[in-house]
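Beneath this line is the structure, given in structure tokens, with notes to follow.
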């Protein structure tokens with residue numbers, strides 16, 4: 001993930017503001033809020049933490065309602081088009097491989113899945129799994145939002161605490 005964050009940061013530097021770079025990174029699947037906070041840290045863009053946090057949260061949460069509401073229909077359409085069918089099946093398989101903890105613990109399983117910043121977890125994947133499991137929109141969105149707040153706390157400590165000490 002670090003290499004992607006550094007690449008995006010370097011590629012967009014000079015084209016848009018530091019804040020826009022962090023916002024864009026926070027919207028990208030896989031990187032999400034974790035990548036945004038890493039990019040905004042003292043080691044890279046050196047954006048003050050109180051500026052970075054709301055930018056990252058808004059960037060990360062913005063795509064989630066669309067994923068929750070539309071991804072099932074999009075995947076069904078993709079499966080009907082031979083060119084997109086393998087991608088749709090791969091996405092479904094990947095998402096459903098993560099469903100056990102969410103199904104087992106429901107709302108709190110989704111909160112933890114989004115909130116604990118590990119590879120393969122996050123708001124995008126959580127929204128995809130919640131949608132495929134046909135979770136209630138409000139329940140899923142609330143769980144994802146709480147998870148993003150938890151991830152924000154963890155990543156702020158890592159990005160600004162640990163990296164701040166090393167590079168600040």
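No other residue among 50, 70 is out of contact with any helix residue (DSSP H, G or I) (no Cβ under 8 Å at 6 or more places or on another chain) and within 20 Å of residue 135 (Cα to Cα) apart from 70. One residue alone among 86, 54, 42, 65 is assigned to a helix (DSSP H, G or I) and more than 17 Å from the chain's Cα centre (by Cα), and that residue is 86.
Only residues that are in contact with a helix residue (DSSP H, G or I) (Cβ under 9 Å, 6 or more places away or on another chain) and surrounded by 11 or more Cβ atoms within 10 Å (Cβ to Cβ) were counted across segment 3-16, and they come to 8.
Applying the set (1) touching a helix residue (DSSP H, G or I) at 6+ places or on another chain (Cβ under 6 Å); (2) surrounded by 15 or more Cβ atoms within 10 Å (Cβ to Cβ); (3) at pLDDT below 95; (4) within 24 Å of residue 127 (Cβ to Cβ) to residue 41 leaves exactly one unmet item: (4). With respect to the conditions (1) under 28 Å from residue 158 (Cα atoms); (2) part of a helix (DSSP H, G or I), residue 121 lacks only one, and its number is (2).
Residues that are over 15 Å from the mean Cα position of the chain (by Cα), free of Cβ contacts under 8 Å to residues at least 24 places away in the same chain and over 20 Å from residue 138 (Cβ atoms) within segment 95-126 comprise 97, 100, 101, 104, listed in sequence order. Evaluate the following for residue 69: is it in the same structural domain as residue 121 (by TED's automatic domain parsing) and under 22 Å from residue 142 (Cα atoms)? Against the criterion (in the same structural domain as residue 121 (by TED's automatic domain parsing) and under 22 Å from residue 142 (Cα atoms)), residue 69 qualifies.
Every residue, every condition in (1) at pLDDT 95 or above; (2) surrounded by 16 or more Cβ atoms within 10 Å (Cβ to Cβ); (3) under 18 Å from residue 37 (Cβ atoms), yes or no:
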residue	(1), (2), (3)
105	no, no, no
119	no, no, yes
129	no, yes, no
138	yes, no, no
141	yes, yes, no
155	no, yes, yes
159	no, yes, yes
163	no, yes, yes
166	no, no, yes
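Figure legend. Inter-residue proximity from segment 62-87: first residues on the phi > 0 side of the Ramachandran plot and modelled with pLDDT of 95 or more, second residues surrounded by 14 or more Cβ atoms within 10 Å (Cβ to Cβ) and in a helix (DSSP H, G or I), beta-carbon distance below 7 Å, spacing 6+ or different chains. No pairs are indicated. Checked against the criterion of being over 23 Å from residue 142 (Cβ atoms), modelled with pLDDT of 95 or more and not assigned by TED's automatic domain parsing to the domain that holds residue 113, the candidates 49, 55, 25 yield just one match: 25.
The values are calculated or read from the model by the stated rules, or taken from the named source; none is laboratory data. Not measured: the values here are computed from a predicted model. So basically every Cβ, Gly included, is an ideal-geometry build from the backbone, and we count neighbours across all protein chains shown.
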